[in-house]
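This report refers to the structure that appears directly beneath it.
The values are calculated or read from the model by the stated rules, or taken from the named source; none is laboratory data. From a predicted model like this one, the values you see are computed outputs, not experimental measurements. FYI the Cβ positions are ideal-geometry reconstructions off the backbone, even for glycines, and counts take in every protein chain you see. Ligands, DNA and RNA are excluded from the accessible area calculation, which covers all protein heavy atoms including side chains. Shrake-Rupley method; radii C 1.70, N 1.55, O 1.52, S 1.80 Å.
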Amino acid sequence: MASLGVGLHLIRKRGAGRSAAVERRNLLTVCRFSVKTLLDRSCFETIDDSSPEFVNFVSILEHILSHRLKGQTTWFGYESPRSFWDYIKTACSKVPHNCIRSIESMENVRSSRAKGRAWIRVVLMEKRLSEYISSALRDFKMTRRFYEDGAIMLGEEAGLLADTLIGLNTIDFSFCLKGEGVDGSCPAVIDYTPYLKFTQSADSISSDEEEMRTMGSSGSESSTPDKMATAASIFTEQSNLVTKCKRFEQKYRMALEQKGYLEELVRLREAQLSEAVSHNKALQQSLADTHLSHSLEKEQLEYIVLELQDQLKSFQSLEQLSADMSLSQTSLEPSHTLSLEARPGPHWPHQGKEETPSLRGLCGSLTSVASYKSLASLKSSECLASPATEISSPGVTPS
């Protein structure tokens with residue numbers, strides 16, 4: 001009995017997984033169909049809240065965003081239902097120039113579901129629905145926190161959904177955010193009837209109407225004259241031409257849709273490329289400015305170092321000059337006293353003998369420029385007697 005219960009549980013689990021996969025596939029397929037119908041309708045009229053194709057698309061998108069969405073756990077441990085707006089306002093908060101705050105501040109939109117529906121209309125008018133979905137899918141941790149396993153937003157199909165929604169950027173939507181479509185009390189109901197119509201494959205040789213005509217003509221050939229057979233053949237040829245024309249028209253519309261999708265994709269990639277190029281140019285400019293400022297600072301520092309070296313050399317020369325001046329002053333002090341002692345005497349004693357040994361130091365110090373300058377300054381003073389005045393003085397006569 002235990003093994004039978006385990007087997008039944010596995011069968012139920014497999015069946016639930018299979019049904020969830022079928023549900024995901026059906027929602028994505030219907031979403032692609034609704035996008036195509038919106039593109040077809042936009043060629044003839046403006047899409048607004050009154051368009052049944054748009055109402056059906058919004059219902060399908062709500063079902064996709066709410067697929068296996070986790071509930072919100074309360075303080076008492078109960079799990080209350082949650083709207084997809086709680087996920088969008090958290091995951092899309094990092095989108096540049098987003099409209100989350102403006103929707104939160106709307107007065108006529110109260111419930112979470114109504115805010116989600118208003119967000120869909122605003123981003124469709126801004127032509128940024130695919131950008132919001134792609135930004136939300138990039139934050140995988142946040143998506144994992146809001147959705148259960150098996151959800152469409154956690155599967156690989158979510159990336160294809162974002163690519164499918166790029167085609168809506170070619171449509172100019174016009175909505176009123178105060179109408180009944182934003183009311184959150186109405187449930188989102190999907191109308192599958194527009195997508196259940198059987199379409200003849202373009203690869204088929206003939207349509208069902210042609211086959212019915214050929215069967216009827218083959219059954220009545222034995223009882224009709226040749227003129228009737230000729231008229232039937234002409235009619236079938238005309239019908240064949242009409243069906244071929246319809247097939248060509250269908251292929252042309254499909255090619256036109258693909259062309260519009262590819263053009264929008266190329267435009268988006270070009271915008272991203274231009275943004276990356278401008279960002280690269282800004283970085284290069286900032287790098288060049290930084291390099292220039294660093295080179296200027298280096299030159300200034302080198303100039304400061306050279307100036308400091310020159311000041312150091314000048315300080316050293318001043319110290320040498322002060323040392324020479326102090327040496328000259330010490331050498332002149334004893335000669336000054338000797339000249340004062342020799343001046344009041346009546347006789348010039350010992351003329352051929354050197355009187356003062358400090359004169360040698362004085363004469364030796366004359367070889368330096370500093371000592372010469374000090375001597376020149378001392379000549380004007382009365383303390384030092386010049387040799388000319390000593391020779392011409394009347395008190396001194398050679399013996």
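If you look at the Cα atoms of region 85-147, you get an Rg and a Dmax of 11.3, 32 Å. Note on Leu177: accessible area is roughly 40 Å² with a 1.4 Å probe, heavy atoms of protein only. Percent of Cα pairs in region 79-187 per distance bin of 5 Å, from zero to the largest separation: 2, 12, 22, 22, 22, 15, 5, 1, 0. Within the assembled protein chains, the solvent-accessible surface assigned to Cys245 is about 80 Å², based on a 1.4 Å probe.
Computed on protein heavy atoms with a 1.4 Å probe, the accessible areas place Phe248, Phe44 in the order Phe44, Phe248, largest first. For Arg24, the accessible surface of its heavy atoms amounts to roughly 50 Å² (probe 1.4 Å, protein chains only, rounded to the nearest 10). Take the Cβ atoms of Thr73 and Leu160, set R0 to 35 Å, and the FRET efficiency comes out at 0.65.
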